[in-house]
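Enquirer: The structure under discussion is supplied below as structure tokens; questions concerning it will follow.
The values are calculated or read from the model by the stated rules, or taken from the named source; none is laboratory data. All values derive from a computational prediction rather than experimental measurement. Backbone-built Cβ (ideal geometry, glycine too); neighbour counts: all protein chains shown. Please note that ligands, DNA and RNA were not included when accessible areas were found on the heavy atoms of the full protein model with its side chains. Shrake-Rupley method; radii C 1.70, N 1.55, O 1.52, S 1.80 Å.
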2 protein chains.
Amino acid sequence: MSSLSTAEERVPVVTASAVREFASGGYRGTTIADVARDARISPAYVFKLFPSKERLFVAALADCFRQIVETLSMGADEAEDTSSDGILDAMGGAYAELISDRSLLMLQVHAQSVANIPEIGQALRLGMASVVRLAKSRSGASDDAVQRFVAYGQLCHLIVTTGIDDVPDEWASILSAGIRHPR
Amino acid sequence: MSSLSTAEERVPVVTASAVREFASGGYRGTTIADVARDARISPAYVFKLFPSKERLFVAALADCFRQIVETLSMGADEAEDTSSDGILDAMGGAYAELISDRSLLMLQVHAQSVANIPEIGQALRLGMASVVRLAKSRSGASDDAVQRFVAYGQLCHLIVTTGIDDVPDEWASILSAGIRHPR
DNA sequence: CCCGTGAGTGACTGTATAGTCACTCACATG
DNA sequence: CATGTGAGTGACTATACAGTCACTCACGGG
């Protein structure tokens, strides 16, 4: 199948498939065959492009954070209110838009759940480090404000994974109030 | 093995084993055999006590939230500062102590990652509902304060799962600052 | 036109695992 | 002592999955 291409061109395509598939099934719930099917290549060829399932997941996670950092950065560029809080707010808005298809969000949640695998924990820390450093340096906000920025981001993850935004009860609206999350 | 007992007595014991094992391996990464070994019974008998792996996980998660609610409630009872913020703070302290062995924390994180399995998502929402309702009713704090309470709880989960509290860099201390988490 | 290189795969292996079922055996009761 | 009930298990099935390997085949350079 597939019109002869170079391996180097295939790698980002397979990585993108891995992001989607791992996001939907998690690390253990996703098979190499799933990723291969999405990328329209054979499972065997996935192993020619990546040495193991673990490394494929790491590549997907790294790409996820690459996209996040890029998006946050653009959000900061386009902030109308250029105070620290205004910039953090613009970044939050850009992030909310980015994760509207939920893949990048779910991948992070799944990664947290297998962060005890050393290479995955490492990749997760690298990603969070780049996010925190970007938020701090671009906004110039206080440490507390950056911490709050991340905390509410995590709350947003909880709301989306559990589908709290579709629950009409009082407790659910307490958690969701004012949080920008994908509809 | 094991000194003849009633099934009803076994259930909570197996549930406790399930909490530990699922917390350490996640839903897909933990086998019925793992839980059985921990509970010192045969895998086959686990299926006599619980109809499926899914239901066993749900039982473990429910027990996890039962413990959390109990602990938060006791924390609120023992608060020295009885203002809303003081009570929320006492609850946070009680929670930090409860999750010092990380099992109850990790189980929640793993549950989030398989919340797309209907019964598990349901159990997670039930648990969060009881936590939010308890925090609100016991502290009488504003909706915002309760939301913040949960958001920083989620940040605490991130810090623990990724081992950020062992990273000496600046970005890591921004995230960990002032957060009570298990050492 | 031939041949080397690299893209891509089919078919396989070994292992793991959810769930089932027929069975054993301890004990309480009459 | 006989028997029924419920605790508990060994052995099995069916399936799935990570990773391997020998292979085919398209293409570009000489």
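Enquirer: Conditions first: (1) part of a helix (DSSP H, G or I); (2) over 25 Å from residue B:135 (Cα atoms); (3) touching a Leu at 6+ places or on another chain (Cβ under 8 Å); (4) facing chain B (nearest Cβ under 7 Å). Residue A:138 passes all but one, so which condition is the exception?
Expert: With respect to (1) part of a helix (DSSP H, G or I); (2) over 25 Å from residue B:135 (Cα atoms); (3) touching a Leu at 6+ places or on another chain (Cβ under 8 Å); (4) facing chain B (nearest Cβ under 7 Å), residue A:138 is out only on (4).
Enquirer: Could you tell me which numbered condition residue A:9 fails, if it satisfies all but one of (1) near DNA strand C (Cβ under 9 Å from one of its atoms); (2) in contact with a helix residue (DSSP H, G or I) (Cβ under 7 Å, 6 or more places away or on another chain); (3) not hydrophobic (A, V, I, L, M, F, W, C)?
Expert: (2)
Enquirer: I'd like the residue in segment A:31-52 that is in a helix (DSSP H, G or I) and away from DNA strand C (no atom under 11 Å from the Cβ) and, out of all such residues, is least open to solvent (accessible area, probe 1.4 Å).
Expert: Looking only at segment A:31-52, we keep the residues that are in a helix (DSSP H, G or I), and these are A:32-39, A:43-49.
The next check asks that each one be away from DNA strand C (no atom under 11 Å from the Cβ); those that pass are A:34-35, A:38.
Details: A:34: 36, A:35: 1, A:38: 53 Å².
Ranking the candidates gives A:35 first.
Enquirer: Moving on. What about residue A:6, is it among the β-branched types (Val, Ile, Thr) and without any contact (Cβ under 8 Å) to a residue 24 or more places away in the chain? Lay out the reasoning, then the answer.
Expert: Details: among the β-branched types (Val, Ile, Thr): yes; without any contact (Cβ under 8 Å) to a residue 24 or more places away in the chain: yes.
So residue A:6 passes the test.
Enquirer: Could you check segment A:151-183 and list, in sequence order, the residues that are open to solvent by 10 Å² or more (accessible area, probe 1.4 Å), of a type in the set (A, V, I, L, M) and facing another protein chain (nearest Cβ under 7 Å)?
Expert: A:167, A:177
Yes/no matrix, rows are residues, columns are (1) at pLDDT 95 or above; (2) more than 16 Å from DNA strand D (Cβ to nearest atom); (3) farther than 21 Å from residue B:151 by Cβ:
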{"residue": "B:2", "(1), (2), (3)": "no, no, yes"}
{"residue": "B:13", "(1), (2), (3)": "no, no, yes"}
{"residue": "B:23", "(1), (2), (3)": "yes, yes, yes"}
{"residue": "B:27", "(1), (2), (3)": "yes, no, yes"}
{"residue": "B:39", "(1), (2), (3)": "no, no, yes"}
{"residue": "B:59", "(1), (2), (3)": "yes, yes, yes"}
{"residue": "B:90", "(1), (2), (3)": "yes, yes, no"}
{"residue": "B:94", "(1), (2), (3)": "yes, yes, no"}
{"residue": "B:98", "(1), (2), (3)": "yes, yes, no"}
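Enquirer: When you look at residue B:80, is it assigned to a loop (DSSP other than H, G, I, E, B), over 27 Å from residue A:110 (Cα atoms) and free of Cβ contacts under 8 Å to residues at least 60 places away in the same chain, yes or no?
Expert: Spelling it out, residue B:80 is indeed assigned to a loop (DSSP other than H, G, I, E, B), over 27 Å from residue A:110 (Cα atoms) and free of Cβ contacts under 8 Å to residues at least 60 places away in the same chain.
Enquirer: A further question on this structure: Which one of the conditions (1) farther than 26 Å from residue A:104 by Cβ; (2) more than 7 Å from chain A (Cβ to nearest Cβ) does residue B:127 fail to meet, given that it meets all the rest?
Expert: Residue B:127 satisfies all of (1) farther than 26 Å from residue A:104 by Cβ; (2) more than 7 Å from chain A (Cβ to nearest Cβ) except (1).
Enquirer: Taking residue B:119, is it open to solvent by 20 Å² or more (accessible area, probe 1.4 Å), more than 14 Å from chain A (Cβ to nearest Cβ) and more than 16 Å from DNA strand D (Cβ to nearest atom)? Steps first, answer last, please.
Expert: Working: open to solvent by 20 Å² or more (accessible area, probe 1.4 Å): yes; more than 14 Å from chain A (Cβ to nearest Cβ): no; more than 16 Å from DNA strand D (Cβ to nearest atom): yes.
No; evaluated as a whole, the condition is false for this residue.
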